[in-house]
Amino acid sequence: MRWNLKPKPSSDKVKALASQLNVDELVATLLVQRGIETFDEARQFFRPSLADLHDPYLMKDMDKAVTRIETAIANGENILVFGDYDVDGTTAVSLVSSYLRSFYPNVATYIPDRYDEGYGISYKGIDFAEDNEFTLIIALDCGIKSIEHIAYANDRNIDFIICDHHRPGDMLPEAVAVLDPKREDCHYPYDELCGCGVGFKLVQALAQNLDQTIDDLLIYLDLVATAIAADIVPMTGENRVLAKFGLEVINSKPRPGIKALIQNVKKKVLTITDVVFIIAPRINAAGRIKHGNEAVALLTEYNLDQAEQFASEIEQYNTDRKDLDKQITVEALSQIQENGEQEKFTTVVYNENWHKGVIGIVASRLTETHYRPTIVFTKSGDTLAASARSVKDFDIYNALEACAEHLEQFGGHMYAAGMTLKEENYAAFKEAFERVVQETIHPDLLIPEISIDAEISLKDINEKLIRILNQFEPFGPQNMTPVFMTKELKDSGYAKGIGANEDHLKLFVKQNGSEGFGAIGFGLGDKLSLVKNQNSFDAVYCIDENEFNGTTTVQLRLKDLK
């Protein structure tokens, strides 16, 4: 792994901020690295407030969207809330539909079938709307590129409001309103919202016209926080505010569906990491294994007993999903080995029998192993469908755009995307993708990087530092958990491999005879020889608080050793 120590920010800025906040220079350095340079910016960072949320009407077309919904309600029209089958889509559908139903009954939901309809707005969904006399569809977390679908709906006198956060193409669909902060002509102050976040802004705008305040909308923030965590959007600006208050709802008064998912978790306070690894995979499992409708049913259920029944079914889907992704990952790794493709700049694999619901997870696993821009294909009806994952700082969406001639459709972000192509185009696409990546990627990006915030000594770790670091939460992209480096450490002599295969490393580290700390390195079991026999070593780590049997201790979570 490449260790990359971030450049020290301007000494003047650090000293000035340290003085204003009455903190030491280490904390001020971490803040300046995150773009926080003034007292007011620090106040906003440490004390996020719902008052910091922007006026939803600053978003392009928001007035049109609200007017159309109010007209539909006044005329007694049927409204269909449509969204994708992943966490962002199902939470967004749950949020908007449950809000509208709180004062208007003619609202239904629609999640496309991952296998039958694929990603995004579907003709089948529009036909369903026509057959059931829906005259307005609110599309969430999808639709920004659905030019033909929206035209098809317009021909049937069905209006669309699109709430999306993906990058638009050259043209926008002919919808009544297109809410997407990434529109070039949209000057909304924050463009990193997830799909559920855009849905929340729509709800916020509707609420203002009903003389409701933000306090009336707090009950929906558990959904928004879950989507923000799962969709890996930057943990800055509005996302950070919504995630913080959403976490408070999850920890104090979550909706019955989320309560049912977390009731067996033995932690006093859930963090955004727990949302990512406990709540999100289970919501996702419904759409991967069965149908996204099951996630919406769970998240909109108000009876706890019924929610617990739904949660138990989803738990089983999650178990099935784990088994599938393990099996397919093994098969994919062996395919790479057999084809001798380890030295390529990309990883592209295909098997017509792989389960479409887990290929995104498999792509992530392969990226962890081979650290290449990765695409995993499977058969989907008459075409091949794929999930793509990238490595740090490489824009896979742009690479796909350069290969667009071979694709039927594609969409996504810098680090994750989906696509379909005709089977006869697979070989040509694979070749083109390898060529594009080879020509555009910097070789360093093919070696995993650990970005280090600061070099410190063990004596710098104290209660005050830990208390302040806890206030940096919630963590996420652009506000990651601080990573530190300390040199010339020694183990106290108790280092050992732990876990079934001794894959993990447990030790107790000291520096120059100072008071030491317990440390754990997941997946670092093979580094045991480095720390034996009082060998001196350098470590990169995060500072954790470890809860065990009611006692909390400070622990270093090792990321790498040298």
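The values are calculated or read from the model by the stated rules, or taken from the named source; none is laboratory data. The model shown is predicted, which means the values in this text are computed figures rather than measured ones. Cβ: placed from backbone, ideal geometry, glycine included. Neighbour counts: every protein chain shown.
ARG288 fails exactly one of the following numbered conditions: (1) in contact with a Lys or Arg (Cβ under 8 Å, 6 or more places away or on another chain); (2) at pLDDT 90 or above. What is the number of that condition?
Unmet condition: (2).
Please find, among GLY518, GLY523, the residue that is surrounded by 13 or more Cβ atoms within 10 Å (Cβ to Cβ), outside any strand (DSSP E or B) and among the small types (Gly, Ala, Ser). Break it down stepwise before answering.
Values: GLY518 fails: outside any strand (DSSP E or B).
Only one candidate qualifies: GLY523.
Inspect all residues belonging to segment 485-502 and state whether any of them is surrounded by 12 or more Cβ atoms within 10 Å (Cβ to Cβ), in the same structural domain as ILE36 (by TED's automatic domain parsing), under 30 Å from ILE228 (Cβ atoms) and of a type in the set (A, V, I, L, M, F, W, C).
yes
On the given criteria, is ARG68 in the same structural domain as GLY143 (by TED's automatic domain parsing), crowded, with 17+ Cβ neighbours inside 10 Å and farther than 28 Å from GLU294 by Cα?
yes
Please name all residue pairs, on different chains or six or more residues apart, with Cβ atoms under 7 Å, provided the first residue is in segment 149-168 and is closer than 18 Å to MET62 by Cα and the second residue is in a strand (DSSP E or B) and of a type in the set (S, T, N, Q).
ASP159/THR135
If I go through segment 390-416 residue by residue, how many of them are touching a Leu at 6+ places or on another chain (Cβ under 6 Å) and surrounded by fewer than 16 Cβ atoms within 10 Å (Cβ to Cβ)?
Selection size over segment 390-416: 2.
For a quick check of your reading: which strands (runs of 3 or more DSSP E) sit entirely within segment 299-395 and have at least 1 residues that are of a type in the set (D, E, K, R)?
Details: elements: 347-350, 374-380, 383-389.
Passing ranges, in order: 374-380, 383-389.
Residue by residue through segment 438-469, note down the ones that are touching a strand residue (DSSP E or B) at 6+ places or on another chain (Cβ under 8 Å) and either without any contact (Cβ under 8 Å) to a residue 60 or more places away in the chain or under 30 Å from PHE345 (Cα atoms) (or both).
Looking only at segment 438-469, we keep the residues that are touching a strand residue (DSSP E or B) at 6+ places or on another chain (Cβ under 8 Å), and these are 444, 447-458, 461, 465-466, 469.
Of everything in segment 438-469, those that are touching a strand residue (DSSP E or B) at 6+ places or on another chain (Cβ under 8 Å) and either without any contact (Cβ under 8 Å) to a residue 60 or more places away in the chain or under 30 Å from PHE345 (Cα atoms) (or both) turn out to be ASP444, ILE447, PRO448, GLU449, ILE450, SER451, ILE452, ASP453, SER457, LEU458.
Could you go through segment 456-477 and let me know if any residue there is more than 26 Å from THR226 (Cα to Cα) and of a type in the set (Lys, Arg). Working first, answer last.
The first filter runs over segment 456-477 and keeps only residues more than 26 Å from THR226 (Cα to Cα), leaving 456-465.
Checking which are of a type in the set (Lys, Arg) leaves us with 459, 464.
There is at least one residue in segment 456-477 that is more than 26 Å from THR226 (Cα to Cα) and of a type in the set (Lys, Arg).
Check whether at least one residue in segment 277-296 is over 24 Å from TYR110 (Cβ atoms), of a type in the set (Lys, Arg), surrounded by fewer than 21 Cβ atoms within 10 Å (Cβ to Cβ) and within 24 Å of the chain's Cα centre (by Cα), and report yes or no.
From segment 277-296, those over 24 Å from TYR110 (Cβ atoms) are 277-278; that's our starting set.
Remaining after also requiring of a type in the set (Lys, Arg): none.
Within segment 277-296, not a single residue is over 24 Å from TYR110 (Cβ atoms), of a type in the set (Lys, Arg), surrounded by fewer than 21 Cβ atoms within 10 Å (Cβ to Cβ) and within 24 Å of the chain's Cα centre (by Cα).
Looking at this structure, is SER122 small (Gly, Ala, Ser) and more than 13 Å from GLU174 (Cβ to Cβ)?
Values: small (Gly, Ala, Ser): yes; more than 13 Å from GLU174 (Cβ to Cβ): yes.
So SER122 passes the test.
Within segment 348-389, how many residues turn out to be among the hydroxyl-bearing types (Ser, Thr, Tyr) and either within 24 Å of PRO448 (Cα to Cα) or surrounded by 24 or more Cβ atoms within 10 Å (Cβ to Cβ) (or both)? Break it down stepwise before answering.
Going through segment 348-389, the residues among the hydroxyl-bearing types (Ser, Thr, Tyr) turn out to be 350, 364, 367, 369, 371, 374, 378, 380, 383, 387.
Checking the rest, the ones that are also either within 24 Å of PRO448 (Cα to Cα) or surrounded by 24 or more Cβ atoms within 10 Å (Cβ to Cβ) (or both) come to 364, 367, 369, 371, 374, 387.
The total comes to 6.
Could you say whether any residue in segment 184-200 is touching a residue at least 24 places away in the same chain (Cβ under 8 Å), in contact with a Leu (Cβ under 9 Å, 6 or more places away or on another chain), over 27 Å from GLU401 (Cα atoms) and in a helix (DSSP H, G or I)?
yes
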